[in-house]
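The values are calculated or read from the model by the stated rules, or taken from the named source; none is laboratory data. What you see is a predicted model; the values in this text were computed from it and never measured. Here Cβ is always computed from backbone atoms with ideal geometry, including for glycine, and neighbour counts include all displayed protein chains.
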Amino acid sequence: MVKPTTIRVVLALAVSLNWSLRQIDINNAFLNGDLSEDIYMFQPLGFEQSGLNGEPLVCKLNKALYGLKQAPRAWFQKLRDFLVSTGFMVSKADSSLFIFRSGDQVLNVLVYVDDIIVTGSDSQDFDNFVTQLNDRFSLKDVGKLNYFLGIEVQYTADGVLLSQTKYVRDLLHKASMDRSNSLPTPMVANCHLSANEGSPVEVQSYYRSIVGALQYVVITRPDIAYSVNKVCQFMHNPLDVHFKAVKRILRYLQGTLSYGIQFTRASKFLLEGYSNASWRADIDDCRSTFGFCIFLGGNLVSWTSKKQSVVSRSTAEAEYRSVAHTTAEIIWIQSLLAELGVSVPSKALIWRDS
């Protein structure tokens, strides 16, 4: 499955280069996969047949079926082999990105299971690609990209806006928070959640379901990345104070439904990163929290907020570890841009506050 950062980078480039965005949906995608091993199944009810001596028979599968654990991989391999056979290159930075280049003509294909985003420099290439793909697989040409994996794409005068308004509304309804009063921030200042203070929640799976959905919202909402990361740290044993923090995030989203990520046209593709760390932010294990955000031509394409895997012995060590993570992400984005044929300065800027 294509990485969210890859999607944002490709969309940011498409906006800057004034390329069209098109969406394709493959019908019954998993049924196209070829199986590399022998798999047997019970006969469908109402269609049972017995052997010559009355013994029950089983069916040998010739193709993948929905619900089969091998089906997603079998489908992706089938699609990948087809794209490679038509001249596409598989990206080394993200194996779900396929790039076709012929002279000045470029076509980029992003694959997320059976949903496909296509963008490129020539509309004729679009049509030729869709025709080729339709000859091989049954598909639906959705047309202009407007809604993708719960993400809404709104076209503005100077670019596009990615948001998840409908997804967040559905989440608020699921959590019975759709009529709650909004709050101005996703978390109170100096909030120190602990795994040892509070009472267990009644239904732990409900907590995990809501927090898991919030993790998906972070795809277009970097403003809640830190607070969502904090409540994710208590999935194994959520307490009432943790669920209270989750409800605050939801109440913040209630008042910011239309927020999202804006991509505007950029004349230069300069990579800039901002890094920070909070030393000993976790009161239980004294581990630090780090975060970064990375801009491509002024457009925010990558961000994170995570707890460090080891205990930093000083503020300086926590900061250096954060810069190291930021550097690794920038190097990966540089490799992605190189495959996309985008020239960026060999040296990127990383800003930190100490």
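Only one residue in L239, L214 is over 23 Å from R8 (Cα atoms), in the same structural domain as N196 (by TED's automatic domain parsing) and buried (at least 18 other Cβ atoms within 10 Å of the Cβ), so which one is that?
After ruling out the rest, the residue left standing is L239.
Out of the residues in the range 113-139 that are assigned to a strand (DSSP E or B) and either at pLDDT below 95 or not charged (D, E, K, R) (or both), state the one that is farthest from the chain's Cα centre (by Cα).
Going through the range 113-139, the residues assigned to a strand (DSSP E or B) turn out to be 115-120, 139.
When the remaining residues are screened for being either at pLDDT below 95 or not charged (D, E, K, R) (or both), the result is 116-120, 139.
On the way: I116: 14, I117: 14, V118: 17, T119: 18, G120: 21, L139: 23 Å.
Checking each candidate, the answer is L139.
Out of the range 316-354, which residues are part of a helix (DSSP H, G or I), in contact (Cβ under 8 Å) with a residue 24 or more places away in the chain, among the hydrophobic types (A, V, I, L, M, F, W, C) and surrounded by 13 or more Cβ atoms within 10 Å (Cβ to Cβ)?
Matches in the range 316-354: A318, V323, I330, W332, I333, L336, L337.
A quick yes/no check of all residues on (1) touching a Leu at 6+ places or on another chain (Cβ under 9 Å); (2) surrounded by 18 or more Cβ atoms within 10 Å (Cβ to Cβ):
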{"residue": "S227", "(1), (2)": "yes, yes"}
{"residue": "F243", "(1), (2)": "no, yes"}
{"residue": "I249", "(1), (2)": "yes, yes"}
{"residue": "E272", "(1), (2)": "yes, no"}
{"residue": "N276", "(1), (2)": "no, yes"}
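Just name the residue that is farthest from T220 (Cα to Cα) out of those in the range 297-315 that are of a type outside the set (S, T, Y) and in a loop (DSSP other than H, G, I, E, B).
Residues of the range 297-315 of a type outside the set (S, T, Y): 297-301, 303, 306-308, 310-311, 313.
Checking the rest, the ones that are also in a loop (DSSP other than H, G, I, E, B) come to 297-298, 308, 310-311, 313.
Details: G297: 18, G298: 16, Q308: 23, V310: 29, V311: 30, R313: 34 Å.
Among residues in the range 297-315 that are of a type outside the set (S, T, Y) and in a loop (DSSP other than H, G, I, E, B), the one farthest from T220 (Cα to Cα) is R313.
Would you please name the residue that is nearest to the chain's Cα centre (by Cα), looking only at residues in the range 140-173 that are modelled with pLDDT of 95 or more and part of a loop (DSSP other than H, G, I, E, B)?
Q164
Determine whether S176 is small (G, A, S) and either free of Cβ contacts under 8 Å to residues at least 60 places away in the same chain or in a helix (DSSP H, G or I) (or both). Can you show your working first?
Details: small (G, A, S): yes; either free of Cβ contacts under 8 Å to residues at least 60 places away in the same chain or in a helix (DSSP H, G or I) (or both): yes.
It is true that S176 is small (G, A, S) and either free of Cβ contacts under 8 Å to residues at least 60 places away in the same chain or in a helix (DSSP H, G or I) (or both).
Only one of these is of a type in the set (A, V, I, L, M), touching a residue at least 24 places away in the same chain (Cβ under 8 Å) and in a helix (DSSP H, G or I): A281, A277, A245. Name it. Before the answer, list the steps.
Details: A281 fails: in a helix (DSSP H, G or I); A277 fails: in a helix (DSSP H, G or I).
Step by step, each of A281, A277, A245 is checked, and only A245 is of a type in the set (A, V, I, L, M), touching a residue at least 24 places away in the same chain (Cβ under 8 Å) and in a helix (DSSP H, G or I).
Select from the range 81-134 the residues that are β-branched (V, I, T) and free of Cβ contacts under 8 Å to residues at least 40 places away in the same chain and write down the one among them that is surrounded by the most Cβ atoms within 10 Å (Cβ to Cβ). Steps first, answer last, please.
Within the range 81-134, the subset β-branched (V, I, T) is 84, 86, 90, 99, 106, 109, 111, 113, 116-119, 130-131.
If we keep only those that are free of Cβ contacts under 8 Å to residues at least 40 places away in the same chain too, we end up with 84, 90, 109, 131.
Values: V84: 12, V90: 14, V109: 24, T131: 10.
That would be V109.
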